Structure formats: C-alpha cells, structure tokens
Amino acid sequence: MNQMTSPPRLEIIPESAPFSQAQRSWLNGFLAGLLSLDGSVPLSPDQGAVVLQGASGDGDDGEAPWHDQTMPIADRMKLAEGRPMRRRMMAAMAQQDCGQCGYNCNDYSEAIAGKAEARLNLCVPGGKETARMLKALNEELEKAPPAATAAAAAPVAAMAVVTAEPGRSRDNPVAATFVSRRLLNKPGSEKETWHIDFDLSGCGLDYVVGDSFGVFARNEPGLVDQIIAMLGASPTTAVNGKTLRQVLIDDVSLAPAPDTLFELISFVTGGAQREKARALAQGEDPDGDAAMLDVMAALQKFSGVRPHPEAFVEALEPLQPRLYSISSSHNATPGKLSLTVDCVRYVVGKRKRLGLASIFLAERIKPGDELKVYVQKAHGFALPKDPTTPIIMIGPGTGIAPFRAFLHDRRATGATGKNWLFFGHQRSSCDFFYADELNAMKTSGLLTRMSLAWSRDGDKKFYVQDRMREVGRELWTWLAEGASVYVCGDAKRMAKDVERALVDVVAQFGARSTDEAVSFVGELKKNGRFQQDVY
Ligand SMILES: Cc1cc2nc3c(=O)[nH]c(=O)nc-3n(C[C@H](O)[C@H](O)[C@H](O)COP(=O)(O)OP(=O)(O)OC[C@H]3O[C@@H](n4cnc5c(N)ncnc54)[C@H](O)[C@@H]3O)c2cc1C
Ligand SMILES: NC(=O)c1ccc[n+]([C@@H]2O[C@H](COP(=O)([O-])OP(=O)(O)OC[C@H]3O[C@@H](n4cnc5c(N)ncnc54)[C@H](OP(=O)(O)O)[C@@H]3O)[C@@H](O)[C@H]2O)c1
C-alpha cells in the first residue's frame, strides 16, 4: 500500500480541525509550500481556508460525462482523457456515489489526487478494476513534476471532511446491539431477505431517514479455519498483536483475492506457477477464472504454496464495512434502527460462496451481540423540507427500505404531503415485504397510493417501470403538482430503466418531445426533486 511522504512539521491546521492526522499533516505541508513559509509566520485557520479556496482552479470545466454507473471503465477513462488527474481518478470510480468509501466519487478522487487519502482500494462497487486503475494513475502522479502534483492537489478544499464524531464515519465506528431478525419472504420464495433490528440506546447514535448504516461484519470462522489449514499454520500464531485466527476473522477481506496476494505467491513459488501468479497480479486472466478467485480459491489454485502468515495477512486487503439503507425512523422509534437485508449466496464450482455482511446479519450475529457500526449521512437523499410536498417512491426489492422509513417518519411527524409507493418483487404470494404494515398505511390514508409490480407472477416480466407507464397520466399530475420522486435499489439496470420510464411519462402526458422530457427530468434532479439511493 502507498505510504505518505513526510511533510514539513508546520502546524497551520490546528489539532482541533476536523481532519485525520494524515490529512492535517498533508495540508500543513501543502500550505507551507504554497505560502513559502519557513515556520515562523503564524497563520489563522481562516487565512488557511482562504488560501485553499483560492488554489482550487485548474482550468477544468467541472463536467463529468463519465458519471454513469452503467458505463464500462474503459469508456469512462476515454471520456476523461486529457483532463486533470483528479478528474481521471474520478472516472476510475464506479460512479454510484454510494458512500461506501466515506466520500462521493468526486471527493474521493480529489482526496487521493490531493494526497489527503492514501487508500486506493475503498471503491467497493468498482472492485479490483477501479483499484488497479487508481494505482496506475497514482503512479503516474508520483512520477509527474512537482508543479503537476500541486495542480492535482489544488481542489482539496472541496474534499469531504472525515468527521471525528463517534459513529459518524467508517473511520470512527461505535458499538450497537443486535436485537433480532425476521424473514420477510414467505415459503415458496427464491429470495431470502431479512428485517434486522438494532438497539442504538447504548451508543447514543441517531439518524434521519434517508441515511445508511455502515456495519463491520466478521468473516466466517469455518472459512478462516480452512484457510489456516491450507497455509499449514497454527491459528495461534501471533500477527499484528493478535492471533492469526482473530486477524483473519476481524481485519482482512477474504473475498476477491487481491493482486498483492498473487504477487506474494509469485515470490514464493517458481516455474509455470510463478508465471501464472505474476500474470494474475497484473490483472491478466491466464485460465479464465480470475473473476472467481477469492482468497480461498487462490490458495487452492496454487495449492502447496505456503506463504508465511505475517506476509499472507499483509498481502490481503482490509475488511471493508457494508452499507444498508435504514428502514426505520428515529422520530417514530427513537433508539431503534432497522435494515432490510437480502442474502448473497451463490455457488462457484463445488463451493458455496456467502456474502460477508448479509450472511453475518442473517445467520451468525446473535441477539445481544455488539457490532461496530456507523451512520453514513445521506447526501441528496432526504424527505422534502416542506411536509406538504407530495412524494413518489419507487423501490423494488430491498429498495423498499428507505421508503418504509420515509412513511414511518411522515406519520410520526404528522407530515400531510401525499405519499405514493411503487413496490415490486418476484411473487405477490411470498415476496410482498411489510405487506400488513403497508396495507394498514393504505387503509389509514397515510399511503395515498400503492402500485405493485410482480415480475414472476405472470408469463411475462412485469416491473415497476411498467406499472409507472400504466399510470402515467396520474404520475404526471403528481409531478405537475410539485411531487418529489425517489428511486432506491439496483443501480445497474433498474435505476436507469425507471428513469427512462419517467422520461417517457413526462413526454407523453406532459406533451413534450423526448429531448424536452430529458431536460425536464434533468431539472428535477438539479432541483432535488429526483433523488436516488442505488447500489
Ligand atoms: C448506499 C447503499 C445502500 C444499500 N442498501 C442495501 C439494503 O437496504 N439492503 C441490501 O440488501 N443491500 C443494500 N446494499 C448492498 C450492501 O451494501 C451489500 O453490498 C450487500 O448486502 C452484499 O454484501 P455482502 O457483504 O453480503 O456480500 P459480499 O461479500 O460483498 O459479496 C457480494 C459480491 O459477491 C459477488 N456475487 C454476488 N452474487 C454473485 C453471483 N451470483 N455470481 C458471482 N458473484 C456473485 C459480487 O462480486 C458481489 O459484489 C446497499 C449498498 C449501498 C452502497
Ligand atoms: N448484478 C445484478 O445483475 C443485480 C440485479 C438485481 C439486483 N442486484 C443486487 O441484488 C441485491 C438485492 O436485490 P433485491 O433483493 O433488492 O432484489 P432484486 O434482485 O433487485 O429484485 C427486485 C425486483 O426487481 C426486479 N427487476 C429486475 N430487473 C429489473 C429492472 N431492470 N427494472 C426493474 N425491476 C427489475 C426483479 O425481477 P426479476 O428478478 O424477476 O427479473 C424483482 O422483481 C442488491 O444489492 C442489488 O443491487 C444485482
């Protein structure tokens, strides 16, 4: 992993400023260089802030034509060619603005280009592809002349500030208590989705609807034991002040085998094996199985290779937290927090693969257990400020989560705006999450309209966007009345398809050309009336 270079010891940014030690250290060095300070001139934080803002222009127009989560990385990089490094770094991100890295895509790239963030592997949806591209771009940056490096760093003022408040960022989690889980699917379902409850009273965290919850799950002990056996190591070997077993459970990712593990394997083996490991470390796919190699599968592929436990742990990536949309309202149930979690299970070859966090929450954590967690503040996904504004919520599958929260919140606060929910899933008989609750909300009038779409009830797939088109006239009326639109769930296909349906509805019932309808939806986005929480 990249190491920070040591900047001059000047304390321009005070200890109390909301930066991590690494960020403060870098900013001190950056400002000292910019102002040619020799350490004798005291500078107030205000003056520092002015300098940072003044340094932000690098001639880029700020447009991000690559900001589309469905676009392949090669196309995104092409669109960013010739742009400043921070923009090319942004194009390397997965473009979901999902917050898992603790930033949005733009701020994460600015932080890296500005050397305030040394971790290049935080983009979860971008995976190894993004990490590799960032590594290459970062190497380019390291080799660039100092003036270019400073230019890349210039807009650091716009960088997301990592808050030091406990429980408010992935860098500073707190402990919450797991209370219970309840299966939301009925028998006959192909899905396994759980309603999960946490108690926050012990850690004192609160949240607003629209926020997400970050959880630090732990690896499955059975998998860890198999890996230790493959290494031929003792579970009690001391590594980083813990036992090897505990480090493998708590601290490192056992999912996609990182390039650094293949590098390590190439060092401790020879011949054809070494060539193969080297190729894998460089992102090549000599046997066509690279995408399916988790840490266990990598050890099986190079069986007999036994790296030293310490080197092995060092070659792995840190275990990343997972985010879940909060499906409860603090206003309705203070101190309680709910999630709606779909289980990830699939089979590769003969081995069952399990999602880390979803299966941890669905199977392993026990009532009363504590878990490291944090609240990830939503940026641009919140109820309208005006409680009388009508809202249209579109959330198939687990996309229902924040909308359950919105509805509970609007009831608790007495918000009088109309509420329209589009929910869909595979089968009405077994996949209608929160059916009793939602039907009761409909009966009470809280839920003004509920439109459902079951994809596997009939012969043909029927999705929420099909239902939207069917009721397009009423949808347009709500929009014309000033309704805000929200979409939550799958980023790769559903979110795009729903947006396309909205454009079609605006064109057809708002009497506009397609181009005008696209601009209309664009304006809704700009004005915060079209918001998405997609993953
Ligand atoms: C802002 C935000 C909100 C979210 N809200 C929710 C929510 O409300 N509910 C919810 O359930 N999830 C939600 N997610 C997704 C969640 O964070 C996790 O990504 C998800 O639960 C999977 O995590 P995991 O640790 O269980 O699986 P992981 O261990 O991360 O495994 C998932 C990975 O396994 C691989 N994989 C999965 N299926 C297959 C397959 N069939 N074949 C091959 N490979 C496969 C893919 O590489 C995939 O990325 C949200 C994500 C974000 C960013
Ligand atoms: N990588 C993928 O291709 C993919 C796809 C979907 C979900 N996911 C992920 O799986 C996790 C959990 O998903 P989930 O439990 O929320 O449910 P889900 O798998 O997203 O399914 C919810 C409903 O959406 C339907 N659907 C599928 N494609 C759609 C589209 N293009 N437009 C509108 N609806 C569509 C599904 O129908 P059918 O299944 O019957 O088609 C189902 O009825 C999420 O993390 C999500 O991102 C991944």
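Here, each number is a calculation from the coordinates, and none is a lab measurement. These numbers were taken from a predicted model, which means no experiment stands behind them. All Cβ positions, glycine included, derive from the backbone under ideal geometry; neighbour counts span all protein chains shown.
Observations on the model:
- Share of pairwise Cα separations in segment 332-457, more than 19 Å, in percent: 59 percent
- Taking N as its residue count, the alpha carbon Rg of segment 383-535 over 2.2 N^0.38 Å: 0.99
- Residue order, fewest to most beta carbons within 10 Å, for Phe381, Phe422: Phe381, Phe422
- Taking the number of Cβ atoms within 10 Å of each Cβ as an exposure proxy, the fewest-first ranking of Cys101, Cys430 is Cys430, Cys101.
- Förster-model FRET efficiency, 35 Å R0, Ala332 and Lys135, C-beta, rounded to 0.05: 0.20
- The Kirkwood hydrodynamic radius of segment 174-213, based on inverse pair distances between different Cα atoms, is 12.2 Å.
- Rotationally averaged projected area of segment 80-130 (alpha carbon convex hull; nm²): 3.1 nm²
- At R0 = 22 Å, FRET efficiency that the Cβ-Cβ distance of Lys492 and Ala74 yields, to 0.05: 0.85
- Cα-only radius of gyration and Dmax that characterise segment 242-289, units Å: 12.8, 36
- Which listed pairs, of Lys276/Lys352; Lys78/Lys496; Lys242/Lys372; Lys301/Lys352; Lys352/Lys372; Lys128/Lys242, have C-alpha distances above 20 Å, in listed order: Lys276/Lys352; Lys78/Lys496; Lys352/Lys372; Lys128/Lys242
- Note on Asp287 and Ala175: their simple-model spin labels are 4.3 nm apart, each label 7 Å out from Cα toward Cβ.
- Principal axis extents of the Cα atoms in the chain, from largest to smallest and rounded to whole angstrom, are 65, 59, 47.
- Residue-averaged 222 nm ellipticity for the chain, from DSSP H runs of 4+ at -39500 (n - 2.57), nearest 500: -11000 deg cm²/dmol
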